[in-house]
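See structure below.
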Amino acid sequence: MTTVGIIGAGHIGKAVAKGLVDRGYTVVISNSRGPETLTDVVAELGANASAATAVDAATAGDVVVVTVPLKALEDVPVEPLAGKIVLDTNNYYWERDGRIAALEEKRATTTGLLQEHLPASKVAKAFNHITAGDILTTGSPAGTPDRRALATASDHPEAAAFVTAIYDEFGFDTVDIGSVAESWRVERDRPAYVVRQNKDELAANLARAER
């Protein structure tokens, strides 16, 4: 049974955790305030979930989801994530995160910043352009007409393949953007951001994005 560490217990983190537990994964979830503050979350998730520190969640996970505010990126542990697939749900909200020059000047992407922070990890964008409430409610079986699609991007094919498999389990098709250098196409305020779209529509929205 695959264990997934989750660093960040906000709306997205909890929704992804619930979806994973419901599909037979073991989840170790963490936040910035300590595992003792996650008692209710773990109780709701069930027996296959536990709370830990961020370091312990990173260590325990065969795969790890990083879903923290971008301003907290530097707090993500590095060494325990070496060699692992890391799913990045982050978005840049300057109102919350402060101005980040590399993003403002379009010299970087949010997922690229996490990959730089985790040079020995295999980072892939996932679940960044869907609202938390839609993660568990808008999926459908493979082959369903007009099935909703989500995008991923990674410099590591095995990481993109893992996201594709997880998306399918959650009920979504996948469009692979390619390198994290192109992942800006699905960031905030782009045509593909937080809208319901099928695979063809998502591909079209990614293609018409302007930087």
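I'd like the full set of residues that are loosely packed, with under 12 Cβ neighbours inside 10 Å and hydrophobic (A, V, I, L, M, F, W, C), limited to region 91-129. So that I can check it myself, show each step before the final result.
We begin by selecting, within region 91-129, every residue loosely packed, with under 12 Cβ neighbours inside 10 Å; these are 95-96, 98-99, 101, 104-107, 119-120.
Across region 91-129, the qualifying residues are 101, 120.
Starting from region 21-36, take each residue that is closer than 15 Å to residue 65 by Cβ and list its partners that are basic (Lys, Arg), counting only C-beta distances under 9 angstrom and pairs at least six apart or across chains.
Close Cβ pairs satisfying both conditions: 27/18; 29/14.
Among the numbered conditions (1) polar (S, T, N, Q); (2) in contact (Cβ under 8 Å) with a residue 12 or more places away in the chain; (3) under 22 Å from residue 23 (Cβ atoms), tell me where residue 137 comes up short.
Looking at each condition in turn, residue 137 falls short on (2).
Output the qualifying pairs, or none if there are none: Cβ atoms under 7 angstrom, residues six or more apart or on different chains, first residue in region 154-168 and surrounded by fewer than 23 Cβ atoms within 10 Å (Cβ to Cβ), second residue assigned to a helix (DSSP H, G or I) and modelled with pLDDT of 95 or more.
What qualifies is 155/115; 155/180.
Which of (1) touching an Asp or Glu at 6+ places or on another chain (Cβ under 7 Å); (2) surrounded by fewer than 16 Cβ atoms within 10 Å (Cβ to Cβ) does residue 208 not meet, given it meets every other one?
(1)
Just for region 134-161: of the residues that are more than 30 Å from residue 119 (Cβ to Cβ) and of a type in the set (Asp, Glu), which one is farthest from the chain's Cα centre (by Cα)?
146
Residues 56, 88: which one is surrounded by fewer than 22 Cβ atoms within 10 Å (Cβ to Cβ) and either over 22 Å from residue 152 (Cβ atoms) or in contact with a helix residue (DSSP H, G or I) (Cβ under 9 Å, 6 or more places away or on another chain) (or both)?
Exactly one of 56, 88 is surrounded by fewer than 22 Cβ atoms within 10 Å (Cβ to Cβ) and either over 22 Å from residue 152 (Cβ atoms) or in contact with a helix residue (DSSP H, G or I) (Cβ under 9 Å, 6 or more places away or on another chain) (or both), namely 56.
Could you please find all residues in region 4-36 being assigned to a helix (DSSP H, G or I) and of a type in the set (Val, Ile, Thr)?
12, 16, 21, listed by residue number.
Quick one: how many residues across region 169-198 are β-branched (Val, Ile, Thr), in a strand (DSSP E or B) and more than 14 Å from the chain's Cα centre (by Cα)?
1
Residue by residue through region 37-58, note down the ones that are in a helix (DSSP H, G or I), of a type outside the set (S, T, N, Q) and out of contact with any Gly (no Cβ under 6 Å at 6 or more places or on another chain). Before the answer, list the steps.
Step one: list which residues in region 37-58 are in a helix (DSSP H, G or I), which gives 37-45, 54-58.
Still in the list and also of a type outside the set (S, T, N, Q): 38, 40-45, 54-58.
38, 40, 41, 42, 43, 44, 45, 54, 55, 56 - these are the residues of region 37-58 that are in a helix (DSSP H, G or I), of a type outside the set (S, T, N, Q) and out of contact with any Gly (no Cβ under 6 Å at 6 or more places or on another chain).
Name every residue in region 33-65 that is touching a Lys or Arg at 6+ places or on another chain (Cβ under 9 Å) and of a type in the set (D, E, K, R), in order of residue number.
Across region 33-65, the qualifying residues are 44, 62.
The values are calculated or read from the model by the stated rules, or taken from the named source; none is laboratory data. Treat the numbers as computed from the prediction; the structure is a model and nothing was measured. Positions of Cβ are backbone-derived with ideal geometry, glycine not excepted, and every protein chain shown enters the neighbour counts.
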